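Only one structure is covered here, and it is reproduced in the block below.
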Amino acid sequence: MKLVTMPYDVDQAMEFIKGKVDCLLLANKQISLRYANSFSFKDIIKIVNNKQNSQVFVLVNQFFFEPQLETLIKHLKFLDKLDIDGVYFQDYAVVQIIHEHNLKLKPIYHSETLVTSYGQIPFFIKNQINHVVLARELFLSEVKQIANHKPENFQIELQGQGFMFIMHSRWKMISNFENYNHIRNLHQQKQLWIKEALRKWPNAIYQDKFGTHMFSGYEICVMSIIDQLHKMKIDYLRIDNVMQTRQWCEKITKIYQSTIALLRQNKLTSKQLEKNVTIIKGIVKPNAITPAFLGKIEDIYHLEKSEQNEQK
């Protein structure tokens with residue numbers, strides 16, 4: 001199992017490379033969605049040229065419309081000239097361009113919610129997609145089924161830490177709310193919280209030029225079950241840094257990296273796992289952590305009702 005992490009800036013990317021982090025995932029505002037910080041193409045060149053034994057992936061997860069296709073082709077051809085190890089995509093225009101222009105880029109399907117069954121694998125293989133990100137809404141038993149039925153050279157990935165993506169709308173919902181209620185500058189904030197009356201936990205929300213993005217109000221954290229994921233031979237475990245700080249990126253990456261190193265050496269103990277979970281709780285505070293669908297039913301926090309509604 002390899003660790004994929006999203007560095008906050010170029011200096012941190014270089015620190016991660018020096019620290020022998022397995023994989024870096026870089027975002028660029030012209031082609032990426034949902035990230036903490038954007039890297040210029042010049043930054044990406046610098047990181048790739050100095051990557052040593054680390055793999056470098058680029059996030060190309062925007063949806064592209066007809067007028068944007070020529071620019072997308074230009075960007076993909078640019079990335080193809082670099083020693084990039086893969087591009088994360090959700091719009092099939094990306095993989096179509098890769099095939100039509102004979103680019104050597106490795107496509108990684110990252111649709112957020114759509115990869116839910118090993119029955120989909122033949123379709124991906126037919127379209128030369130050999131690395132996919134599994135949906136966060138899968139139970140551990142379902143992940144195990146996919147892992148057990150996938151071909152050996154087909155790679156699967158899970159989000160291991162960070163806010164859980166829930167919804168993306170092209171509508172600028174926060175701006176609409178401002179206009180309706182005669183409020184100003186809400187849409188400029190990097191993170192807002194929205195809460196249903198009957199739910200215990202709120203959702204995180206923000207708006208950018210691509211619309212409105214909604215996330216869980218807590219972080220997924222698989223540290224408590226990381227040994228089980230390792231036994232299933234999950235290929236990649238990813239840390240998402242959207243709405244996070246530089247310090248968060250550093251501390252979370254280091255604790256997962258050291259844990260995976262112990263797993264590879266067969267030296268990880270249950271006591272160490274418990275200690276790591278406690279450490280992570282301190283790092284993410286005041287946010288809560290949960291394995292969500294990968295844990296027990298009570299770990300799916302979105303199902304929890306507010307105390308007031310539980311009494312009704």
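Coordinate-derived values only; no laboratory data. Everything numeric in this text was worked out from a predicted model, so none of it was measured. All Cβ positions, glycine included, derive from the backbone under ideal geometry; neighbour counts span all protein chains shown.
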Cα-based shape type of region 93-168, given that a ≥ b ≥ c are square roots of the gyration tensor eigenvalues and the cut on a/c is 1.5: oblate
Taking the Cα-to-Cβ direction at residue 306 and at residue 43 and moving 7 Å from each Cα, how far apart do the two end points lie in nm? 3.9
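Give the calculated FRET efficiency between residue 70 and residue 210 to the nearest 0.05, with a Förster radius of 22 Å applied to their Cβ-Cβ distance.
0.70
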By how many nm would the segment from residue 263 to residue 104 grow when fully extended, if each residue of separation counts as 0.36 nm and the alpha-carbon distance is taken off? 54.0 nm
For peptides 149-161, 179-191, sequence by mean Cβ density within 10 Å, most packed first: 149-161, 179-191
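Beyond 17 Å, what percent of the Cα pairs of region 173-298 remain?
Working: 5138 of 7875 pairs.
Counting pairs separated by more than 17 Å, the tail of P(r) holds 65 percent.
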Percent antiparallel among DSSP beta bridges confined to the chain, rounded to 5, stands at 40
Centroid-to-centroid separation of region 176-221 and region 140-163 [C-alpha atoms, Å]: 30
Given 51/144; 200/296; 233/267, which pairs have Cα atoms separated by over 25 Å? 51/144
Could you give the nm distance between label points at residue 169 and residue 114, where each point is 7 Å from its Cα heading toward the beta carbon? 2.1
Report the FRET efficiency, 1/(1 + (r/R0)^6), for residue 231 and residue 182, where r is their Cβ-Cβ distance and R0 is 41 Å, rounded to 0.05. 0.15
In order through region 221-235: 3J(HN,Hα) via Karplus (6.51 cos²θ - 1.76 cosθ + 1.60), integer Hz, x for Gly, Pro: 8, 9, 4, 5, 10, 4, 5, 5, 5, 5, 5, 6, 6, 4, 6
Within the under-14-Å Cβ sphere about residue 261, not counting residue 261, Lys/Arg +1 and Asp/Glu -1 give a net charge of +3
Packing-based order for 66-76, 281-291, using average beta carbon neighbours within 10 Å, highest first: 281-291, 66-76
Which of 83, 208 comes first, and how do the rest follow, when ranked by fewest Cβ neighbours within 10 Å? 83, 208
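How long is the gain from residue 192 to residue 52 if the chain were fully straight, where each residue apart is worth 0.36 nm and the alpha carbon distance is subtracted?
Values: separation 140, 0.36 × 140 = 50.40 nm, distance 3.87 nm.
Gain in length upon complete extension: 46.5 nm.
Based on the mean of other Cβ atoms within 10 Å per residue, sort peptides 54-63, 229-238 so the most packed one is first. Could you put the intermediate results ahead of the total?
On the way: 54-63: 21.8, 229-238: 19.2.
The packing order, highest mean first, is 54-63, 229-238.
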Report the extension gain between residue 148 and residue 246 in nm, rounded to one decimal, defined as 0.36 nm multiplied by the number of residues separating them, less their alpha carbon distance. 31.6 nm
List every residue whose amide H lies under 5 Å from the amide H of residue 23, counting only residues 5 or more places away in sequence or on a different chain, with H placed 1.01 Å from N in the peptide plane. 3, 5, 55
Cα shape, region 183-228, gyration tensor, a/c 1.5 rule: oblate
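When a/c reaches 1.5 or more, the comparison of a/b and b/c decides; with that in mind, is the chain rounded, prolate or oblate per its Cα gyration tensor?
Numbers: a/c = 1.43, a/b = 1.09, b/c = 1.31.
In terms of gyration-tensor shape, rounded.
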